[in-house]
Structures are given as structure tokens and as C-alpha cells.
Amino acid sequence: MRPEPFFSGPGIDRADQSRVDPLRLAELTGAGARQLIWRDGLPAVGTDGRLEWQAASATDLFLGIQDGQPRFSATEQPHANARAAFDTIGSLAENEAPLFAAALSLAWWHSRHLFCANCGASTEIERGGWSRRCPECSAQHFPRVDPVVIMLAEHEGRLLLGRQPQYPSGRYSALAGFLEPGESIEAAVARELHEEAGIKVADVIYVASQPWPFPSSLMIGCHARALGDELTIDRTELDDARWFTREEIAAALKGDPDAAFQPPPRFAIARTLLEHWLAA
Ligand SMILES: [Zn+2]
């Protein structure tokens, strides 16, 4: 079965046919419309893990329909430090996470795309916030999604995990990197593993994906077969990288205090990939 990482899943009915219909959008802003509450630069999460809402007054961004109610957000300036969001995400209910991710990524995009990338003029919101148009050159700009490959390389029953310098003490996780223009997912996985760990791989397969709203990544989770286990670690990217046995990974995910490493948090797709691999 394909695993469903945090932030994935169906989320809200985005009702995209209503975005292109200004009359319909105006109707939706009427009675019953709800507006997302923001707190400290993030969508607010209540003690029950659900997103918080109020009667709609600012309706720049149309998020969709949930529980029969139109859902909107004002244009907000998200918190600049993604790590500050992790406490909030930690308390977020899983079925609310896709909408949290959509609202946060959309807000990021608007806050950084006020001007036309083609001619530099100020742009205007259209389609309920799902595009911006330049009144000078008519260019239409859409919210961006930046693909990132994140992968487990396996060699004779062991997995390669690495440490980035900013990780908490003891944490190891899957290696990752942005796709480059003109590159397939498979080629990006092979390139990143070679650049960061010096290994060659084959048989790259896709496992699962995850929206990652800091600000707008799509994490593409993969598995690859390493052709050898000798590592040449790129110390500008990683503090360390090591091979871990199935037993070491199982102990880490169980929260064993004597585990060889600290696993990634539950909302990271790296964690999902490890759980999926262990269960296979
Ligand atoms: Zn323009």
C-alpha cells in the first residue's frame, strides 16, 4: 500500500471551477463564509488540532469548500523561520494538514510575487488568489511548486541516512535535494546521492510525495539501490552520512533511548519512507 505522508491526502474541495467565475466567487463571500485565522505568521491551530476560523471579512484568497462552507484567507505574511512552525505542526491534526499546507504555501507565494517577473510592474490577484496578473504586460503568474527529491539508498539490507548541520543532536534522515531544470526524478536522485555521498545507484523507484509548505516544495520520496557502500561525504552539505541496519532503524523509530540515531519527526516524509521500508 502506498503510504500517505503528513500534509498529503485529499484535504479541502478546492472548487476550482468557482475561482474563474467572479460572480460565483462574490456569492461565496456572503453569509456563512469563513476566514482562516493566522497567529504568529502561521495558520492558527486550536488545542483540538484543528485550524481556527472566524466570519469572513477579508476574502483575497479562496481556499475552497469545507463542511459546506466557503473558506477564505486574507493575504498574510508568513513567519520567516520555518523551524518556528514545527511546534504548531506538532499539534496539527493529520486531516487538517493538507489545508494548512495549501494556505501557508499560497500566502508565501503572494508575499513574494507582488511584482511581475516579466516586466517588474505590480501584479494583481485573480482567480480567487490562485494566480496573479500583470496589468502592464498581461503576463499571468501561477503559484509555484518546487520539486525536491528525497530518497533512501539501500545496500545489502542497510539504508543510507545523513545529518545536516542544522539538525538536532543525533538526528539522521534521508538525503534530499532540489530537482534541476531538464532533469528527471530518477536522474536527480542519482545525482544527489553521488554528489552528497559519493555512491552510484540503480533501480530508482517512486514511493510517495508530500507538499512541504516552507515555502512551496513538493517532496518526492524515492528508494534507490546502491551499487556499492563506500561513501565520499560532501562536508559542505552534510555533517555525516552512515549506513544503518534494519535493527538500528527499527529501534530509532520505536523511540528506544539506546537507538543509534534520532529519527526524523512524524510530519517529515523521511519518517514515512523509513516506516514504509521497515513494514515492507
Ligand atoms: Zn508584467
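The values are calculated or read from the model by the stated rules, or taken from the named source; none is laboratory data. Computed from a prediction, not measured in an experiment: that's the story for all the values here. Please note: Cβ atoms are built from the backbone with ideal geometry, for glycine as well, and neighbour counts cover all protein chains shown. Each accessible area value is taken on the protein alone, full model and side chains, heavy atoms only, with ligands, DNA and RNA left out. Shrake-Rupley method; radii C 1.70, N 1.55, O 1.52, S 1.80 Å.
Key figures for this structure:
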read-out: Computed helical MRE - 222 nm, the chain, DSSP H runs ≥ 4 contributing -39500 (n - 2.57), nearest 500; value: -6500 deg cm²/dmol
read-out: Anisotropy class of region 181-280 from Cα gyration tensor, a/c 1.5 cut; value: oblate
read-out: Segment Ile37-Ala121, extension gain: residue separation times 0.36 nm, minus the distance between their alpha carbons; value: 27.2 nm
read-out: Antiparallel content of DSSP bridges confined to the chain, in %, to 5; value: 75
read-out: Surface accessible to a 1.4 Å probe, per residue, for the residues of the chain, Å²; value: 49
read-out: Dipole of the chain, positive direction: furthest Cα of Thr59, Leu23, Leu231, with charges on the beta-carbon; value: Leu23
read-out: Cα gyration tensor category, rounded, prolate or oblate, for the chain with a/c compared to 1.5; value: prolate
read-out: Residues with amide H under 5 Å from that of Gly64, placed H, sequence gap 5 or more; value: Arg71
read-out: Under-5 Å amide H pairs with Glu126, H placed in peptide plane, nonlocal only; value: Ser131, Arg132, Arg133
read-out: Whole-Hz ³J(HN,Hα) from phi, Karplus 6.51 cos²θ - 1.76 cosθ + 1.60, for region 211-224, glycine and proline x; value: x, 10, x, 10, x, 7, 7, 10, 7, 10, x, 9, 10, 9
read-out: Dipole moment magnitude, nearest 20 debye, region 1-89 about Cα centre, only Lys, Arg, Asp, Glu C-beta charged; value: 100
read-out: Cysteines having no other Cys beta carbon under 4.7 Å from their own, within the chain; value: Cys222
read-out: Electrostatic dipole magnitude of the chain [Cβ: Lys, Arg +1; Asp, Glu -1; Cα centre; debye, to 20]; value: 520
read-out: Estimated distance in nm for a label pair at Arg235 and Tyr206, the labels positioned 7 Å out from Cα along Cα-to-Cβ; value: 3.8
read-out: Gained length - Glu94 relative to Arg112, 0.36 nm times residue gap less alpha-carbon distance; value: 3.7 nm
read-out: Low-density loop positions, chymotrypsin sites (Phe, Trp or Tyr not before Pro), region 135-208 - DSSP coil, at most 12 other Cβ in 10 Å; value: none
